[in-house]
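A quick write-up on the structure given underneath.
The values are calculated or read from the model by the stated rules, or taken from the named source; none is laboratory data. Worth saying up front: this structure is predicted, and the values here are computed from it rather than measured. In this analysis, Cβ positions are derived from the backbone assuming ideal geometry, glycine residues included, and neighbour counts consider all displayed protein chains. We work out accessible area using only protein heavy atoms, side chains counted, and drop any ligands, DNA or RNA first. Shrake-Rupley method; radii C 1.70, N 1.55, O 1.52, S 1.80 Å.
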Amino acid sequence: SQFRRVLTDRTVETAEVVSVHTDQLGIPHVRYRVDFLRPNRQRYVEGTRVLAARSFFDLYQERVGA
């Protein structure tokens, strides 16, 4: 699944979910890859990140259709 948000400078940040797992305390986490498309159409791909699922879905509220 992919999710997106638009930053204040109009950069589009897209997060692609790689996996979801639960830690030892029972807290679900999302591992995802993120890339940025700047207003000048320059793309920047970043490596993977991990966030607690609640934080991930607070940050990325727009799901991108397939």
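Exactly one condition in (1) of a type outside the set (Asp, Glu); (2) outside any loop (DSSP other than H, G, I, E, B); (3) on the phi > 0 side of the Ramachandran plot is false for residue 41; which is it? All conditions pass for residue 41, except number (2).
Screening residue 55 against (1) small (Gly, Ala, Ser); (2) assigned to a strand (DSSP E or B); (3) free of Cβ contacts under 8 Å to residues at least 12 places away in the same chain leaves a single unmet condition, (2). Restricting attention to region 14-50, the residues that are under 15 Å from residue 1 (Cα atoms), open to solvent by less than 70 Å² (accessible area, probe 1.4 Å), free of Cβ contacts under 8 Å to residues at least 24 places away in the same chain and of a type outside the set (Val, Ile, Thr) add up to 3.
Looking across region 13-28, the residues that are more than 12 Å from the chain's Cα centre (by Cα) and not in a loop (DSSP other than H, G, I, E, B) come down to 20, 21, 22, 28. Among the residues making up region 1-12, those that are part of a strand (DSSP E or B), in contact (Cβ under 8 Å) with a residue 24 or more places away in the chain and either out of contact with any Pro (no Cβ under 9 Å at 6 or more places or on another chain) or farther than 11 Å from residue 39 by Cβ (or both) are 2, 3, 4, 5.
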